[in-house]
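What follows is a structure written as structure tokens; I'll ask about it next.
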Amino acid sequence: MFRRWLAAVILLGLFAMPAQAYSVSDYELPVDIRVNGHYIKTDTNPFIIDGTTYVPLRFVSEALSADEVLWDGAKAMATIKNGNQTIQLRENQRYAYVNGKQVAMQGAMLLVNSRAFIPVRFVSETFDATVGWDGEYFTVDIWKNGISVPSSSIVRYYTEDEILWLGRIIEAESRGEPLRGKIAVGNVILNRVKSREYPDTIYNVIFDRNHGVQFQPAANGTIYNTPSADSIISAKRALRNENYVGNSLYFLNPRKSSNFWITNNRPYYTTIANHDFYL
């Protein structure tokens with residue numbers, strides 16, 4: 001149900017930007033790319049506009065093992081060669097030339113901050129790769145026989161299990177809050193994972209009871225509720241080291257909390273949305 005709902009949200013354009021607004025917004029999806037099961041490192045984050053996922057041009061040569069990738073700045077044209085196929089794409093044109101034949105694309109090649117971004121599905125499928133979309137974890141899956149992804153292109157950001165549990169605690173603790181507040185809650189969990197005072201996994205931090213119940217959702221069962229799309233987005237952005245609370249290890253909602261130990265014993269750091277954060 002969650003996957004179907006999320007796919008519908010994307011198709012309706014909730015995360016789309018105006019045609020010429022090629023910039024990052026608070027609700028830009030933190031998209032991952034997997035090739036043959038490996039998460040791929042890109043020097044610039046992929047993004048989605050109007051349902052089309054874009055990746056840096058360099059991704060094609062580094063992760064899909066294209067034979068040659070050329071860029072003609074004067075013509076704003078990319079040429080990608082792989083085996084007996086040649087693809088040519090021009091900025092803002094919703095078609096490409098494949099071996100000289102014009103072929104329609106679902107999105108045009110874009111220039112963002114002087115960097116070329118190309119529609120990953122079109123290029124991948126033209127080179128006989130299978131492309132899928134994991135709507136629950138915002139991941140493009142590409143499978144192609146006969147290629148070996150270079151180890152230098154492989155990165156381990158996080159696992160789906162880590163995304164899920166961080167998304168669950170974010171949802172339970174900050175449902176309805178703006179994205180920044182949700183990410184901040186995730187920051188605290190991850191800070192505890194890094195701290196010697198707490199367990200070293202997200203799951204064990206959430207269910208830690210060495211000093212009593214640390215998070216009420218773990219005790220009252222709301223931790224098991226399905227996280228919203230916003231909470232999954234926030235989890236991934238926190239896991240990508242987007243941080244708004246420094247080294248804070250505690251948070252509380254002053255309008256609901258009766259925990260005076262934190263306010264009396266820990267240094268105050270900042271307030272975001274409904275929560276105060278403490279070091």
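The values are calculated or read from the model by the stated rules, or taken from the named source; none is laboratory data. All values reported here derive from a predicted model rather than from experimental measurement. Glycine also receives a Cβ, built like all others from the backbone with ideal geometry; neighbour counts cover every protein chain displayed.
Restricting to the range 153-202, give me the number of residues that are in contact (Cβ under 8 Å) with a residue 12 or more places away in the chain and in a helix (DSSP H, G or I).
Matching residues across the range 153-202 total 32.
State the number of residues belonging to the range 236-269 that are among the hydroxyl-bearing types (Ser, Thr, Tyr), surrounded by 14 or more Cβ atoms within 10 Å (Cβ to Cβ) and at pLDDT 90 or above.
Looking only at that region, the number is 4.
Ok, one more. Scan VAL245, VAL193, VAL213 and give me the residue that is under 22 Å from the mean Cα position of the chain (by Cα) and farther than 22 Å from PHE138 by Cβ.
Step by step, each of VAL245, VAL193, VAL213 is checked, and only VAL245 is under 22 Å from the mean Cα position of the chain (by Cα) and farther than 22 Å from PHE138 by Cβ.
Also, I was wondering about something else. Pairs needed: first member in the range 244-264, touching a residue at least 60 places away in the same chain (Cβ under 8 Å); second member anywhere, of a type in the set (S, T, N, Q) and surrounded by 11 or more Cβ atoms within 10 Å (Cβ to Cβ); C-beta distance under 7 Å; at least 6 residues apart or different chains.
That search, which allows pairs on different chains as well, returns TYR244/ASN187; VAL245/ASN187; VAL245/THR270; SER248/ASN187; SER248/ASN191; LEU249/ASN191; LEU249/SER195.
Residue-wise test of (1) touching a helix residue (DSSP H, G or I) at 6+ places or on another chain (Cβ under 7 Å); (2) modelled with pLDDT under 85; (3) among the hydrophobic types (A, V, I, L, M, F, W, C).
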residue	(1), (2), (3)
TYR97	no, no, no
GLY100	no, no, no
MET109	no, no, yes
TRP143	no, no, yes
VAL155	no, yes, yes
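If I filter the range 113-126 down to residues being loosely packed, with under 15 Cβ neighbours inside 10 Å and touching a strand residue (DSSP E or B) at 6+ places or on another chain (Cβ under 9 Å), which single residue comes out as nearest to LEU64 (Cα to Cα)?
It comes out as GLU125.
State whether the residues of the range 96-107 include one that is under 30 Å from ALA238 (Cα atoms) and either in contact (Cβ under 8 Å) with a residue 24 or more places away in the chain or outside the structural domain of ILE233 (by TED's automatic domain parsing) (or both). Walk me through how you get there before you give the answer.
Step one: of the range 96-107, the residues under 30 Å from ALA238 (Cα atoms) are 107.
In the following step, the residues that additionally are either in contact (Cβ under 8 Å) with a residue 24 or more places away in the chain or outside the structural domain of ILE233 (by TED's automatic domain parsing) (or both) were identified as 107.
Looking through the range 96-107, at least one residue is under 30 Å from ALA238 (Cα atoms) and either in contact (Cβ under 8 Å) with a residue 24 or more places away in the chain or outside the structural domain of ILE233 (by TED's automatic domain parsing) (or both).
I want to confirm something. Restricting to the range 51-74 and keeping residues that are modelled with pLDDT under 85 and of a type in the set (Gly, Ala, Ser), which single residue is surrounded by the most Cβ atoms within 10 Å (Cβ to Cβ)?
ALA63
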